[in-house]
Each structure stands twice: as structure tokens, then as C-alpha cells.
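Report on one structure; see the data block that follows.
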């Protein structure tokens with residue numbers, strides 16, 4: 001029944017009964033979920049009667065008189081189910097057993113890899129090398145791009161505002177092939193210019209990308225219009 005549109009008769013039934021009767025009874029009569037009844041009452045701006053909370057049915061409304069709730073209540077003098085039971089290792093002992101110990105070396109981690117390990121980072125699209133196990137350094141920062149390491153080894157630190165990149169057509173993901181002759185340092189502005197949309201693709205490809213963007217905008221606009229129309233019904 002989820003998603004079923006409300007009829008005029010159902011709305012009228014809800015208007016008549018909402019002030020005096022709890023939602024679960026109205027939901028039962030209409031064959032709907034309690035949440036659906038609450039939402040529709042809110043949409044119609046319906047309010048409970050001023051003396052609704054004083055009625056016996058109001059306690060059923062919040063489940064206070066539900067037989068299952070009554071049976072499950074703790075009563076004065078009740079004996080806890082675990083009274084007298086010995087459970088070695090439970091809180092705080094069990095928690096302590098599973099926590100990381102102070103000063104625990106990184107090598108004890110299940111997914112630990114040694115310094116010098118290399119991998120290809122799909123997000124940065126570069127070969128990365130692990131350079132430290134220092135626990136004070138965020139894990140991602142323990143890895144550095146191999147091409148940057150190679151450049152710094154040959155030429156020193158990268159100047160502020162600059163970036164190390166591969167020369168055009170010389171990029172590789174084979175660590176052994178990353179040498180200083182394949183690399184160059186450019187300003188951030190120059191790197192952005194090289195990677196700009198208009199400099200990366202031929203005219204016919206750029207036109208297809210523009211066309212796709214226009215179609216996507218039209219589809220999104222039409223989808224939003226349809227959603228507004230459906231909400232207004």
C-alpha cells in the first residue's frame with residue numbers, strides 16, 4: 001500500500017476522526033500505515049482536540065497501554081536477569097582486551113605494509129610510495145608520489161606554487177621507469193592551463209561534450225518540473 005494516493009473519501013474520514021481517535025485506529029480503518037496517516041494529517045493541517053490527551057485512548061496512542069509494553073516493564077523489586085552471574089572479560093575487561101594498546105607499533109595492524117611499498121593511487125593517478133610508519137601522521141600522508149621523490153632527489157625541494165609533472169607523453173605507472181628526465185616543474189597556473197578543457201580535446205570531441213552537458217541540463221530541469229507537478233497534485 002506504500003505510495004497509494006489518498007482519495008477524497010479517505011481525506012474526509014481522516015478529518016472527521018483525527019481530532020478524537022489515535023492514529024493507529026484510523027490507520028487500521030483505512031488500511032494504511034500509521035506513518036502514512038501522520039504525514040497526511042500534517043499535510044492537511046489537522047490538529048488533535050484540546051482534551052485528546054485526557055481520553056483513555058490517548059494512552060493507546062503512544063503505546064503506554066499496549067499489553068506487550070505492560071508485560072515487558074520492570075517492576076519495583078524485580079531481580080535483574082544477570083544477577084550473580086560471573087562473566088570474566090566483560091566490561092570494562094572485554095573492551096580493554098579489544099582496544100589498541102598505547103604505543104602499539106603499526107606493524108601489528110592486519111593490513112600493514114612495510115616502508116618502501118609502492119602502489120598506484122587511482123584518485124591521484126600516480127605511483128605512491130610509503131615513506132614512514134610515524135603514528136602521529138595521518139595514514140594517507142605516510143605515502144608520497146614517486147615522481148615527486150625522484151625530482152627532489154635530483155633537484156631538491158619543489159618551489160612554492162609549483163608542481164612536479166611528467167613531460168607530455170612520458171607518463172608511466174612503472175616505478176622503475178620514473179626518472180628525472182621524464183619530469184618537469186611548472187607553476188600551478190600553467191598546470192591548470194594545460195589541463196583546461198579546451199586544451200585537452202580536439203574540436204569534434206569538445207562539441208560532443210558540450211552537447212552531452214546541454215542534454216543533461218535539460219533532463220535535470222524536466223525531472224525537477226515533473227517532481228514539482230507530482231507534489232502539487
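A short reminder: the numbers here are calculations on the coordinates, not readings from a lab. Quantities reported herein were computed from a predicted structural model and do not represent experimental measurements. As a convention, Cβ positions derive from the backbone with ideal geometry for all residues, glycine included, and neighbour counts pool all protein chains shown.
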Quiz item: Based on the Cβ-Cβ distance of residue 176 and residue 136, what FRET efficiency does E = 1/(1 + (r/R0)^6) give at R0 = 22 Å, to the nearest 0.05?
Solution: 0.10
Exercise. Specify the inter-centroid distance of the stretch 1-45 and the stretch 115-174, based on alpha-carbon positions, in whole Å.
Key: 61
Quiz item: Can you give the relative contact order of the stretch 118-199 as a percent, counting alpha carbon pairs under 8 Å and 6+ residues apart?
Solution: 24
Practice problem: List 14, 25 from most exposed to least, where exposure is judged by having the fewest other Cβ atoms within 10 Å. | Solution: 25, 14
